[in-house]
Amino acid sequence: MTCTFASQRTLFAAPLHHLMLGLLALVIAFAAVGHASATTISQIPGGAAAAASFTLNNVEVVGILDSFSTNNTVVLQDSTGSILDFRIPNATYVPQVGDIINLTANNTPFQDGPELAGSSNTAVSLVSSGNPLNIPVISIPQFNSAVNASGSATQYGEAIVTLKNVHFAAGTSTTLSQNTSYTITDGLNIAILYANKSYSNVGQTPSTTNGLAQLNALGGGGAAALDITGFVSNFFGTAEFFPLSATASVPEPASLSLLGLGAIGFLACKGRTIAKRARRN
């Protein structure tokens, strides 16, 4: 009697065990085919990676490349990196710089860089607004190494950054044009600036406020040292700078101190000269 009961339990347990294994396999297979999640931007792949769905929490809107009546293209940032969210419908979410949001969207790599398809955005929720921005100031070597053929190589890929104290290469036209590549330099290193006409806040014309217009107002290619804030675009593994704003560079405090010391020295010398002249008279 006991043996028969034990056999029945064994026969009953075996099919249940196989059923559970089968269900687990289905869950794993379902997750592997176009379904993924990420808690940080750096986990979203570029290159030829298959499209997948990702959920991001507490990411900040640090830049708006496009502002249209029907959609907006924004740059999202967290502590690990940044990513472009291309053309979010206004019916889904109307962004403001400084918003912190949660969202789920599809990754659709473009020109080897990871990129979220705005039309796929779901479950967008506003966490808070009016938050301060943390726009990194980086060097041209850091800018050039920010991307590669697999996507973002550093946290500055697909990011909004500022390049300080740069100017255009000698001979650059004083009127910059949209959809044209220009060389900018810090005197030692060079980078590519591209006023992409596809983005209203970068290079679309006519405009008096976008990045291209601000650069031209400052003298275009003939401008003196500039501080330029813009988007680090991945063009098949090469970093290109899409300008969003520009101002004339202000000398660093150390430079101002040197100028002040020079002025003091000049006045002191002049004072001594006047004193000598007075004594001679």
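The values are calculated or read from the model by the stated rules, or taken from the named source; none is laboratory data. Fair warning: this is a prediction, and the values are worked out from it, not measured in the lab. When we count neighbours, we look across all protein chains shown, and the Cβ atoms used for this are built from the backbone with ideal geometry, even at glycine. Areas reflect the complete protein model, heavy atoms only, side chains present, ligands, DNA and RNA absent. Shrake-Rupley method; radii C 1.70, N 1.55, O 1.52, S 1.80 Å.
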Based on what the data block shows, is Pro114 closer than 28 Å to Asp227 by Cα and at pLDDT 95 or above?
no
Somewhere in segment 148-166, is a residue in contact (Cβ under 8 Å) with a residue 60 or more places away in the chain, of a type in the set (Asp, Glu), in a loop (DSSP other than H, G, I, E, B) and open to solvent by less than 70 Å² (accessible area, probe 1.4 Å)?
yes
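Can you name the residue in segment 50-61 that is touching a strand residue (DSSP E or B) at 6+ places or on another chain (Cβ under 7 Å) and open to solvent by 20 Å² or more (accessible area, probe 1.4 Å) and, of all such residues, is nearest to Gly130 (Cα to Cα)?
Glu60
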Out of all the residues in segment 120-144, which are of a type outside the set (Val, Ile, Thr) and open to solvent by 60 Å² or more (accessible area, probe 1.4 Å)?
Ala123, Leu126, Ser129, Gly130, Pro132, Leu133, Asn134, Pro141, Gln142, Asn144
